[in-house]
Amino acid sequence: MSEILRKLVENTPIPRLVKIRQSFDDTILVDPIGELIEQLRTADSMKGITAGQKVAVAVGSRGISRIDELTRTVIDELKRIGAEPFIVPCMGSHGGATAEGQSEVLAHLGIDEERMGCPVRSSMEVVLLDRLPNGLPVYCDKIAATEADAIVVINRIKPHTAFRGAIESGMFKMISIGLGKQKGAEACHQLGFKYMAENVPAMALVMIEKLPIRFGVAIVENAYDQICRIEVLGTDTMEEREKELLVEAKSRLPQILFSDLDVLVIDYIGKNISGDGADPNITGRYPTPYAHGGPEVNKMVVLDLTPESQGNANGVGTADFTTSRLVSKTDWPATYANGLTSTVCAPTKQATTLENDRDAIKAAIKTCNILDYSQCKLVRIRDTLHLGTIEISEALLEEAKSNPRIEILEGPYEWKFDEEGYLPK
């Protein structure tokens, strides 16, 4: 079958590439660790934690800049005042919705018992805290709910990939869905993304009322995946401040500086990149009708899966084409668990699969609905977190030259595939 597909695409030309640099606001926090330490030592919410208390530090699955260092800093500061911290994986159904899988996800991010200097206590058991007026149950990780004297959450504030609201992805989502584990995530998604902007904060507020959540560490990154703001938020200010930080995060979101593409090639997708594998805010390929933005892309190709994703290929179904390599790395039960939990199953489907990178890219070009393939408007990115330096086809060169936010670096040049048809890493 692969030979048949190869023959169908073999005569499709691939346009030469030009390397460019896109410019975004590069404001950074020079010493985020020092800033975090200073805030922790002056925060009223931190003062509420006393010596001897067991503190659950909730950490998620995203590849947040310096997340291992930030987590270790929180741990060390809790130890400094005599508390007894431990880490709980805070990631809904990720890691295949298993305790072992969630510990492995954290380990891939540099967060394990040895490096953090405290236990990692991973369990999928939950307790029912309450129900919302609409009937949805509110769950919490059993260990955090029953064995912790205090709970701390760490997360990045950013736009969600499937809905819009005053609060999207951040502290409240980490509490309601992350601390809720698979059962809590499933409950929050049960009525669909149409109501997520209501249910995420509603569940989080119930959990804040019922649980000893003391504070959250909120992170905002610039367009280059670097920390530009970090704030320790007590539960009394968390809701309003998260709304304000989301506005800032949206203004700093990186983007592809071309609005109309025939083909978008993405080297890697993964849960550490985005909950959707590749951030739809960047690709324009949303899993629901309740979010919008980004470029108009005719055909999208995803080539490989990050090791940190632990085989979860959620998001591959929003692409048109992928490779046998990505499919072979995919843990399909873990991927399907993501869809069964979120109720959005299209992203967990297998995209049309070609033997290698070269054939998948040719397939996208062949089907992008243009007469002259040499004029294909193509963009290639590593992943949706790294958009500073990208590659474009020659057909986009004049547009790039006219944009003051784009610098031409190198090219044009031919693609370099190995003997098996894959791009070098």
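Remarks
- DSSP beta bridge pairing in segment 141-232, given as percent antiparallel to the nearest 5: 50 percent
- Its Cα centre serving as origin, segment 32-252 has a Cβ charge dipole (Lys and Arg +1, Asp and Glu -1) of approximately 340 debye.
- Of the beta bridges in the chain, as assigned by DSSP with both residues counted there, near 45 percent are antiparallel.
- With Cα atoms, 0 to 90° folded angle of helix 332-342 axis to the chain main axis: 60 degrees
- Just checking the listed ones, Gly60, Gly48, Gly293: in the Gaussian network model of the chain with Cα springs under 10 Å, the one fluctuating most is Gly48.
- Scanning the chain for GluC sites (Glu not before Pro) that sit in a DSSP loop and have at most 16 other Cβ atoms within 10 Å, the longest stretch containing none of them is 126-413.
- Rg/Rh, computed from the Cα trace of the chain with Rh as the Kirkwood radius, has the value 0.99.
- Efficiency of FRET between Asp418 and Ala107 - r from beta-carbon atoms, R0 45 angstrom, step 0.05: 0.90
- GNM result for the chain, Cα springs below 10 Å: residue of Ile177, Ile20, Ile87 fluctuating most strongly: Ile20
- Using the alpha-carbon positions of segment 32-252, Rg (one decimal) and Dmax (whole number) come out as 15.8, 44 Å.
- Set of lysines near Lys194 by C-alpha distance (under 23 Å), chain-local residues within fewer than 8 positions excluded: Lys158, Lys173, Lys181, Lys183, Lys243, Lys250, Lys271, Lys349
- Gaussian network model of the chain, Cα within-10 Å springs - most flexible of Asp25, Asp112, Asp372: Asp372
- When the charge dipole of segment 87-142 is built from unit charges on Cβ atoms (+1 for Lys and Arg, -1 for Asp and Glu) and taken about the Cα centre, the candidate among Pro89, Ala99, Val127 whose Cα reaches farthest toward its positive end is Val127.
- Across the options Ala364, Gln310, Asn272, the greatest Cα extent toward the positive end of the charge dipole of segment 222-364 (unit charges at beta carbon of Lys, Arg, Asp, Glu) belongs to Ala364.
- Of the residues Ser169, Ser328, Ser176, the one with the fewest other Cβ atoms within 10 Å heads the list, and the complete ranking is Ser328, Ser169, Ser176.
Bear in mind these aren't lab numbers, they're just calculated from the coordinates by the rules spelled out. Fair warning: this is a prediction, and the values are worked out from it, not measured in the lab. Neighbour counts run over all protein chains shown; Cβ positions are idealised from the backbone, glycine included.
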